[in-house]
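The values are calculated or read from the model by the stated rules, or taken from the named source; none is laboratory data. Computed from a predicted model, the values in this text were never measured in an experiment. Backbone-built Cβ (ideal geometry, glycine too); neighbour counts: all protein chains shown. Accessible surface is based on the protein model in full, side chains and every heavy atom, while ligands, DNA and RNA are left aside. Shrake-Rupley method; radii C 1.70, N 1.55, O 1.52, S 1.80 Å.
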Amino acid sequence: MLVKSKKTVSPEWVDENARMQREKKMEIDASKRLIRQRRELGMEGRREGRVGAKSRHAVLHAVRTMGKEILTEAGEDYWRFLERKYPWQALDGRPQGTDSANGHRCRQGKVSRRYIPGKGWFRWQHNGWEPER
């Protein structure tokens, strides 16, 4: 007696699974490169979360919303903006040195008002901080 059986998975599933395995290997290799790079920068052992790598989901979302030109030189401003907004995506995990000594500028831009505990609200006036009235 001959028993016939159907295949348990489709060829599309096999192809998709192979693609996912390739992507997984690429992400693992990128993670290993990042760990090696962090070790060279002297940042090994710090618990800072994901550092120095753009999330694949962030890149795909940018392409989906902004178009493919976001991956060319025309998109450099967009990625610089994201690096300033989310400094943990910077290569070394630290924000660029955009803070000013007097506290009038930070990585988000100019600071016009600030609160000092015990003293209250202050507003930037021409060349210094003055209490709000």
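Within region 43-55, none of the residues are out of contact with any Asp or Glu (no Cβ under 9 Å at 6 or more places or on another chain) and either modelled with pLDDT of 75 or more or within 30 Å of Arg133 (Cβ to Cβ) (or both). For first residues located in region 73-86 and under 12 Å from Ala58 (Cβ atoms) and without any contact (Cβ under 8 Å) to a residue 24 or more places away in the chain, partners that are outside any helix (DSSP H, G or I) and open to solvent by less than 80 Å² (accessible area, probe 1.4 Å) and lie 6+ apart or on another chain with Cβ distances below 9 Å form the pairs Glu83/Ala90; Glu83/Pro95; Lys85/Arg107. Here Trp88 clears all of (1) of a type outside the set (D, E, K, R); (2) open to solvent by 90 Å² or more (accessible area, probe 1.4 Å); (3) at pLDDT below 70; (4) more than 21 Å from Glu27 (Cα to Cα) except the condition numbered (4).
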